[in-house]
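Comments concern the structure below.
The values are calculated or read from the model by the stated rules, or taken from the named source; none is laboratory data. Bear in mind the structure is a predicted one, so any value in this text is a computation, not a measurement. Here the Cβ positions follow ideal geometry from the backbone for every residue, glycine too, while neighbour counts run over all protein chains shown.
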Amino acid sequence: MSLASTLGRPYMVSGTLNVDSHDAHVLFDSDATFSFISLDFVRRANISSQQISESIHVSSPGGLISSLVVCPGCIISIGGDDFVANLMVIPLPVFDVILGMDWLQRYRAVISCFWKTGTLEAPSGQTITFQANPPSLSILVMACLFPGRRPIKTGFLWSLVKMLTKPLIIEEILVV
């Protein structure tokens, strides 16, 4: 199981989302097998957790991490819809929540590097679209995610949560 393995291969989207009524710095990570929540965020937001019978082991850039604690049924609000996530509790240095393949598959997530968008199918049946917006600290975030590696800007898709009000029409895209 992998939390993150190689620079530039996984598709990633990040932004600030509402998790159990608290603002959280969230990473959508196609290379993570499971979804995770920071131990610090669980304490700060007073999110309920419970023990599981068998520990989960994941590899991360910092080494092997094990967890016996999960926060079941966390509500992630995006574009007016609520998405449910069962989040494994681990120490996370940069993000409050990492949403992995278990969650991404459940909501049929599609990340487009060309259009710089992320799309989810909400429980309501509505399609929610994110438009990428690079943060000012993207190199710093990359350096924290992959210590000991030279940070280069490839393969990352950053986002600001936004629901499009009308379909994207290619003729309306301004080009300078």
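Could you grab me the full set of residues in region 50-85 that are of a type outside the set (A, V, I, L, M, F, W, C) and closer than 19 Å to residue 15 by Cα?
Across region 50-85, the qualifying residues are 77, 79, 80, 81, 82.
In region 80-114, what residues are among the small types (Gly, Ala, Ser) and either free of Cβ contacts under 8 Å to residues at least 40 places away in the same chain or touching a Ser or Thr at 6+ places or on another chain (Cβ under 8 Å) (or both)?
Answer for region 80-114, where residues must be among the small types (Gly, Ala, Ser) and either free of Cβ contacts under 8 Å to residues at least 40 places away in the same chain or touching a Ser or Thr at 6+ places or on another chain (Cβ under 8 Å) (or both): 85, 100, 109, 112.
Considering each residue of region 49-78, count those that are over 18 Å from residue 26 (Cα atoms), at pLDDT 90 or above and either touching a Cys at 6+ places or on another chain (Cβ under 6 Å) or β-branched (Val, Ile, Thr) (or both), and give that number.
3
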